[in-house]
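Taking it in order: structure first as structure tokens, then the write-up.
Derivation of every value follows stated rules applied to the coordinates shown; laboratory data play no part. The structure displayed is predicted, hence computed values, not measured ones. Don't worry about glycine lacking a Cβ; one is built from the backbone with ideal geometry, like all the others, and counts go over all protein chains shown.
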Protein chains: 4
Amino acid sequence: MSKATLPEIGVSDLLPRLKDQGYDSERVARRRAWIEEKTGVSLAHIGSVSFETEELRGNIENPIGAAQVPMGIAGPVLVDGRHAKGLFYVPMATSEGALIRSYERGMVALTKAGGVQTAILADENQIVPTFFFPGVAAAAAFSEWLPAQFEHLRAIAESTTRHGKLTDVKSYQVGRQVLVNFGFFTGDAQGMNMLVKAADAACQWIQKSYPIASYFVFSGMSSEKRPSGFLLTRGKGKRVTAGALLPHDVLRMYLHCTAEQLFRVWHSTAIGHLSANAIGYNAQYANGLTAIFIATGQDVANVVNAACGITNFELQPEGLYVSLTLPALTVATVGGGTGLPTQREALSIMGCNGASKAKKFAEIVAAAVLGGEISMGAAITTGEFVAAHEHYGRNRPK
Amino acid sequence: MSKATLPEIGVSDLLPRLKDQGYDSERVARRRAWIEEKTGVSLAHIGSVSFETEELRGNIENPIGAAQVPMGIAGPVLVDGRHAKGLFYVPMATSEGALIRSYERGMVALTKAGGVQTAILADENQIVPTFFFPGVAAAAAFSEWLPAQFEHLRAIAESTTRHGKLTDVKSYQVGRQVLVNFGFFTGDAQGMNMLVKAADAACQWIQKSYPIASYFVFSGMSSEKRPSGFLLTRGKGKRVTAGALLPHDVLRMYLHCTAEQLFRVWHSTAIGHLSANAIGYNAQYANGLTAIFIATGQDVANVVNAACGITNFELQPEGLYVSLTLPALTVATVGGGTGLPTQREALSIMGCNGASKAKKFAEIVAAAVLGGEISMGAAITTGEFVAAHEHYGRNRPK
Amino acid sequence: MSKATLPEIGVSDLLPRLKDQGYDSERVARRRAWIEEKTGVSLAHIGSVSFETEELRGNIENPIGAAQVPMGIAGPVLVDGRHAKGLFYVPMATSEGALIRSYERGMVALTKAGGVQTAILADENQIVPTFFFPGVAAAAAFSEWLPAQFEHLRAIAESTTRHGKLTDVKSYQVGRQVLVNFGFFTGDAQGMNMLVKAADAACQWIQKSYPIASYFVFSGMSSEKRPSGFLLTRGKGKRVTAGALLPHDVLRMYLHCTAEQLFRVWHSTAIGHLSANAIGYNAQYANGLTAIFIATGQDVANVVNAACGITNFELQPEGLYVSLTLPALTVATVGGGTGLPTQREALSIMGCNGASKAKKFAEIVAAAVLGGEISMGAAITTGEFVAAHEHYGRNRPK
Amino acid sequence: MSKATLPEIGVSDLLPRLKDQGYDSERVARRRAWIEEKTGVSLAHIGSVSFETEELRGNIENPIGAAQVPMGIAGPVLVDGRHAKGLFYVPMATSEGALIRSYERGMVALTKAGGVQTAILADENQIVPTFFFPGVAAAAAFSEWLPAQFEHLRAIAESTTRHGKLTDVKSYQVGRQVLVNFGFFTGDAQGMNMLVKAADAACQWIQKSYPIASYFVFSGMSSEKRPSGFLLTRGKGKRVTAGALLPHDVLRMYLHCTAEQLFRVWHSTAIGHLSANAIGYNAQYANGLTAIFIATGQDVANVVNAACGITNFELQPEGLYVSLTLPALTVATVGGGTGLPTQREALSIMGCNGASKAKKFAEIVAAAVLGGEISMGAAITTGEFVAAHEHYGRNRPK
């Protein structure tokens, strides 16, 4: 298309600006009607929202309604954790047929095996501003100056938030640029906005105290919503682990395979992961995480960092020890989309709605996702995968 | 929790098995009521579905209703592609405040700059079964035998599908294991189930023809829903690129910064990505991809592979050339969740519902996501990021 | 040091320029004397070269003599390959105590197990020039034009070399840049200079035929002497594999451990590799490769790419199947340092000096390096590692 | 080759075992003669060693002589560091023609630009033993117990060494395995053997104090001699940086290009590195590091970790700011091969022989390697690369 044939773009092509950003139901309808007219399509289902659209304020702009994503229930899974204890049913929102069946099978097998041990190993979100200097020597001097400022930085950072705690400051100098990794405890919130605000205040204090430095509040290093190897060691949000011993009889009855067969899947696919230069190893983290994140109002884009982890299967005389470690599980039970009506209900199913529930929720997520790891492994070794998708899925074009 | 205190797990704890899997509205309600009773929470909003629940069959199991994810509109974005041409409005479903505002700003800037060029560079989904041999010599013999079987494999594989085409077979031997990469064209479908079925048939033919080999249909190498370096070169689904020259005046008026400033963000955060050993480079692919995937019924877990790509900013006299390349964009306009009521409406907004629309849709997605890349970069250099999230977001705990 | 205190740099500080670059022994001595005077140190040992210094021409500039690197012999290793067959003794040059003892033990164990199967899976060096275009659409047009030019490119490229063969051209477009991967067969030479010359000729032809394109002959993508995930699939030079079944009695007698113990080392350190986001998996490739490369006149810096590979240990009833795959083994038996006197002798020990020997040599290298993998693994499980280094090493400061 | 045709392996095929391991010149000659007879080749040059072969004890086993690797001199390079100050000539041992010329040009350009700033940012070697537990909860309890034991661990670890200092203990739990990262200061030695001994003592103490734990002293995570992303942030040995501003006139006179041209090489090859999923970014670290490591008696296999780093070029009004950061530079001035005759002489050329010189040496290495980065970049943009290798190299098969 040559420039000559480009459509004329006028003010009438821009989305309508409505009073108070237009969150009341009448203005949401007007915006929807505007799009319907522009595009000639009916948006009746999108417009069908079961709650006051004013509630959307703070979660979205230019609202026209809601996507309805199918929600089902998987489980139960028996969790023996530090923060989660008992039998849980896990809501999952997805349109991928057979997904819930796969997770359900794995969760039941784990439950029959006596439950899943879980533990939170760390709970610290990360943000990494970057500072600029005229040369490597000036940058090195800053790298040396910084550690002694921790208490100042903590005071400044924590003055911007009621819940956040500055837990660590660590710098990585690359040439004449110094990337400063702030670690924060963000309570039950995902905490990214809290982090940005606190880090920006800390950076402004640094710049005032050390005038030579200029900075950007983001360097890309923290790998928020990006895949990176750094996440495996530095983590992001909750670092959580879950593990269980699957006895031989549970393997046979619920997963239809032997410990040796399931281990062989792990071993051969570990070679596949190494060959692809993958980050970590997993069978299907993204499936379970995405479905739970959508159901419970998490920032779903965080699946990209949350899905970086390591699943391990280990043969032992009594059966197969299965575990996973998710070093970058950024989940919340307050803030963001967690307060939206369907999402709040979904969190409540697990007793995870509101304050003081994020660690419990993280442990349930880890246990549920482990269910998917063993179920997928079993489906590969028994050849059930193809059959299950033929049976449950319909995502073939018709 | 000692084993002694574990709850007794009985049949009554398992989810109720209902007739025909229970997709009619009465049985969905019954299942929901069962969960409500088990957990003591009301699920009225989840139960509020605007369409016949029988439509959920094939997309989910154990349905209890739907998650309502806020949907808004960003744009317009002017696209000058091979398959998409014109002005598009892009539906995005998210609960992250400020996200749509960020994308909207970027799309408008691209439009004012004269639009975004896009191109589909490849269109091939991947699956990588793995074959096992007694030793490296036997595996090497198989590696040599395989290439000549391409036509046989194609005939077998294509006999299982109306739309799929086998486009490539390439093997990677690692020790005595041979990972066989099948490339498929899957039309307008995401195609994973199509791939599995076709690959399994091809593998069975191989095993019959070359009896020494056993196999698993998955090796993990294809990086479906996993982050890996392999995706950058081998790709998965559509490999799509989008680029535009942002003139100085557009930068100033719509992004409030200079070309040099925006480039400096790219440069300094590229160092951050390298330091974190990230896969590729991007500002916020996951945000835009996730919001579009939820809105349009994509398999949202595919965001993990789709978000592996490279954004580039290049200074030139007239302004800043900005581009992105997404080598693993697995998007569909038929199958999976694309036929669900709200999702079908969302696709229709872009004229992308149904057959022969997947390439067009992929180009629009690439253009929209490029809008987010420049908008985020600008927010970093101008310091607007903090302010914007204070203003639009509400994801602070209350 | 302030600029004020910087030493004055004059012509007398530059290295002396000598007639014909100064390779005859008198001028080498004069250069050495110049350095001795500048620095006040005696370089008698460096000056002790057993051959005509004129032979150094083409291998080094500003010569002052030679480093004497201790050389020992490891082996024998019994190889059952395509190109190497029989019992081989492997010269290794190193100053790391215990290294040769470690490799020797492993090679003998492999020999007692009945030998090592080896195979060359691919033999293709890579170079990836990059072409620049005004925008993504122009780049996409070039990407489409290129494949049909293969025969032209082959003719041009092969006109610059007697031995090289252009085997493949594959392009990767990233934004408005197109990285063009040329695959070459380079015979028995490492071939990098051959590649550069041929690729440059091909690029010049492209630029003449497609005038819009400018280019650089290097893009960094080929990962020559750099670590990258791309090497695992695309390879560089020889892709070679080696494998053997270690029966239980050989494990016990020569490696002092069981199959289960050795496997457990593999398994637990595979988790360590995944945690570190390593490229591939290995125990000590770099030790063996470096020692052989120095002994035989390879371009030792190629160890960085050559050490990217995958070692696998697999339990089976009869013992442990051990294998390795080196996808980027860039080794030569002609050219470079292979013709230098001590290096030529080292190659001759293995019957690998001169033309038509590179594949044989690559197979011997793979077999020898596999010896190091099993020996290191055994030392970890038995705790012998500490003791061996106390016994054989002296690299403690005195 | 069928098993039937395998050669008979007898005692006479094993390398001769000689008295006191056979380091005296007579026994070295006897071993050499044995190989000469077995293989029918003369090893006269390998046997030509300019010093007492007893000096090889501790550096090699089964010695037969030495490889003579051509050594030349590059430089001078003006260094303005913390530990190195002044003008240095750098010995490099290589057989790659044009390598020294390339480094020399870059070093002279840096010198003419006013010298290179350098700084040591960290000095800590790493070893990561791994501990095993029955389940994830038991492992988590250990992870919590460990930090308080730091003083005990330090006392135990430092009791095994005169020079080493335990600087850090950090653990990474993955499932039921806990990888414990010990950081050590190892003085002027490379320190790996020191580390292994100290870590093993610490691990034995842990096992006594916490009986449930078993361990391996290596987990692979420290990435000793392996390429990994972890090295970029955690480092290994010296983390060193070097930087300089190249004014426009120096660029033109010594590198024959403009700042913009050289920057464009960086930018376009950064895209190449990202596309290949490389670790870090560099032009030719491995060339310079390998040549210096061989010349000075470093453990050359450490080039694999040392070559993981980041080179950055940044445009500014006065010219181009060039820098590199090597986070895993494991270099020594005592121990290992540093005391061998030619290697000791090479270290002395830079005033880096013996105690208290490792940091100075590391800074000189960084400055020299930076010379190679700019020189290679310039060769790419000017097209001189092809010509230089035609002129100086002879590594074409004849």
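Below are the figures for this structure:
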item	result
Exposure proxy order (Cβ contacts within 10 Å, fewest to most) of A:Leu274, A:Leu110	A:Leu274, A:Leu110
Longest to shortest principal axis, alpha-carbon extents of segment A:43-116, angstrom	48, 30, 17
Positive dipole terminus of segment C:113-191, leading residue within C:Gly115, C:Ile156, C:Pro129 (C-beta point charges)	C:Pro129
Reach of D:Lys85 by Cα under 23 Å, taken over lysines that are not fewer than 8 positions away in the same chain	C:Lys3, C:Lys38, D:Lys112, D:Lys238, D:Lys357, D:Lys359, D:Lys360
For segment B:183-192, 3J(HN,Hα) per residue [Karplus equation, 6.51 cos²θ - 1.76 cosθ + 1.60, θ = phi - 60°, Hz, x = Gly/Pro]	x, 10, 8, 10, x, 8, 9, 4, x, 5
Within a Gaussian network of chain A (alpha carbon springs, distance under 10 Å), most fluctuating of A:Gly164, A:Gly297, A:Gly86	A:Gly86
Residues of type lysines that B:Lys208 reaches as a straight line, Cα spacing below 23 Å, ignoring anything fewer than 8 places off in the same chain	B:Lys165, B:Lys170, B:Lys197
Farthest toward positive dipole pole in segment D:5-105 [+1 Lys/Arg, -1 Asp/Glu at C-beta], among D:Ser42, D:Ile100, D:His83	D:His83
Distance from segment B:314-334 to segment A:24-65 (C-alpha centre basis), Å	30 Å
Cut-off of 10 Å, at most 15 other beta carbons, DSSP loop: longest stretch of chain A lacking such GluC sites (Glu not before Pro)	A:53-317
Fewest-first sequence of A:Lys357, B:Lys112, B:Lys236 by Cβ atoms within 10 Å of each Cβ	B:Lys112, A:Lys357, B:Lys236
Cα gyration tensor category, rounded, prolate or oblate, for segment C:200-356 with a/c compared to 1.5	oblate
Nitroxide proxy distance, nm - points 7 Å out along Cα→Cβ at D:Glu52 and D:Asp168	4.3 nm
Spherically averaged projected area in nm², based on the convex hull that wraps the Cα atoms of the protein assembly as shown	50.6 nm²
Among D:Leu153, D:Leu18, D:Leu370, residue whose mean-square fluctuation peaks in a GNM of chain D (springs only between Cα atoms under 10 Å)	D:Leu18
Local electrostatic count at B:Cys352 - Lys and Arg +1, Asp and Glu -1, tallied over other residues with Cβ under 14 Å	+3
Net +/- balance of residues flanking B:Gly319 in space, Cβ distance below 13 Å, scoring K and R +1, D and E -1	-2
Highest-MSF residue in chain C out of C:Val49, C:Val331, C:Val180 [GNM, Cα springs under 10 Å]	C:Val49
Whether segment D:235-274 is rounded, prolate or oblate, judged on the alpha carbon gyration tensor where a/c under 1.5 counts as rounded	oblate
Convex hull of segment D:322-386 built on C-alpha atoms - directionally averaged projected area, nm²	5.8 nm²
For chain A, calculated [θ]222 nm from helices alone, where every DSSP H run of n ≥ 4 adds -39500 (n - 2.57)	-11500 deg cm²/dmol
Loop-located trypsin sites (Lys or Arg not before Pro) in segment A:1-101 whose Cβ has at most 10 other Cβ within 10 Å (DSSP)	A:Arg17
Minimum Cβ-to-axis distance in chain A for the rotation onto chain C, with residue, whole Å	A:Ala270, 3
Distance between segment B:189-262 and segment D:144-207 - C-alpha centres, whole angstrom	42 Å
Least to most buried among C:Arg162, A:Arg154 (fewest other Cβ within 10 Å first)	C:Arg162, A:Arg154
Relative contact order (percent, whole number), chain D, Cα cutoff 8 Å, 6+ residue spacing	20 percent
Karplus (6.51, -1.76, 1.60) ³J(HN,Hα), θ = phi - 60°, over segment A:341-351, in Hz, Gly and Pro reported as x	x, 5, 5, 5, 4, 5, 4, 5, 3, 9, x
Inter-centroid distance (Cα atoms) of segment B:82-125 relative to segment B:350-385, Å	3 Å
Shape of chain A, Cα gyration tensor, a/c cut at 1.5	oblate
Percent RCO, i.e. relative contact order, over segment B:1-150, from Cα pairs under 8 Å lying at least 6 residues apart	16 percent
The protein assembly as shown, dipole about Cα centre (Lys/Arg Cβ +1, Asp/Glu Cβ -1), debye to the nearest 20	0 debye
Residue (of C:Val265, C:Phe293, C:Thr233) at the positive-pole extreme of segment C:178-303, dipole from beta-carbon charges	C:Thr233
Residues with amide H under 5 Å from that of D:Val116, placed H, sequence gap 5 or more	D:Leu78, D:Val79, D:Asp80
Spin-label pair C:Ser356/B:Ala155, simplified geometry with 7 Å Cα→Cβ offset, distance in nm	4.1 nm
Dipole magnitude of chain A about its Cα centre (Cβ charges: Lys, Arg +1; Asp, Glu -1), debye to nearest 20	300 debye
